[in-house]
1. What order, most packed first, do the peptides 11-22, 136-147 have when packing is the mean number of other Cβ atoms within 10 Å of each residue?
2. Suppose R0 equals 35 Å. What FRET efficiency, 1/(1 + (r/R0)^6) with r the Cβ-Cβ distance, do residue 143 and residue 177 give to the nearest 0.05?
3. Determine the alpha carbon to alpha carbon distance for each of 106/133; 22/108; 20/108; 22/133; 97/118; 118/160 and list only those over 26 Å.
4. What distance in nm separates the two pseudo spin-label positions at residue 134 and residue 97, each 7 Å out from Cα along the beta-carbon direction?
5. Sort the following peptides by mean Cβ neighbour count (other Cβ atoms within 10 Å, averaged over residues), highest first: 46-54, 150-158.
6. May I ask for the net charge around residue 76, where only other residues with Cβ less than 13 Å from the Cβ of residue 76 are counted and Lys, Arg are +1 while Asp, Glu are -1?
7. Between residue 20 and residue 86, what is the label-to-label distance in nm when each label sits 7 Å out along the Cα-to-Cβ direction?
8. Once amide H atoms are built 1.01 Å from N in the peptide plane, which residues 5 or more positions from residue 3, or in another chain, come under 5 Å H to H?
Amino acid sequence: ISSGGRAVGKTALTQMFQSKGKLFPKNYKLTSGMDVVVAPVPIEGTDAIVELFVCDVSGHQIFSDMVTQLLDNVNLVILVYDQSSRDSFEACAEGLKLLMGVPSNKGKSMRGVLVGNKHDLLRQRAVELDEAKRWATSMGLVFMETSALPPGSAIAEPFKWCAQTFHQAYEEHLGQLVS
């Protein structure tokens, strides 16, 4: 799941990743409900390729009831905020709470990445780096900074981390089945 407030760059980040930096949405387009993107991610040091299904969910309040229904059985989360917007950072806590409130996700430890997007707007930074890192760590998340604005900065990293984490969990599960 790629989640976060509206206009934080979730869709731009996802599209730039899938297109390997070639497709940046020139105009803001509200995601209605959810868009699904599938991207193959090679796992470093192995022959494995993870088919990553990224569910880019709307951050707009009018779709919140619909989005809640789509958050069933989430494996990993990419929680995105706009580094130039304190409100979008504070909304991450609410987004994570919503995600963990879905019955199939209750009791799970949610693994994922907190992404400070729009790194290109650092002069307008509204959330200090240390604060974002501390919050991510306290929630059990990894912290990364990106910019989807072409040519893109670290756009693949959150997705690679998710693919690697999923692959590792899969290998561990296979090991348990063999034992």
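1. In decreasing order of mean packing, 11-22, 136-147 become 11-22, 136-147.
2. In this case the efficiency is close to 0.60.
3. 22/108; 20/108; 22/133
4. Distance between the two pseudo-spin positions: 2.0 nm.
5. The packing order, highest mean first, is 150-158, 46-54.
6. Numbers: positive: 108, 111, 160; negative: none.
Taking every other residue near residue 76 into account, the sum is +3.
7. 4.2
8. Result for residue 3 returns 78, 79, 80.
Coordinate-derived values only; no laboratory data. None of these values were measured; they are calculated from a predicted model. With ideal geometry, Cβ positions are generated from the backbone for all residues, glycine too; neighbour counts draw on all protein chains shown.
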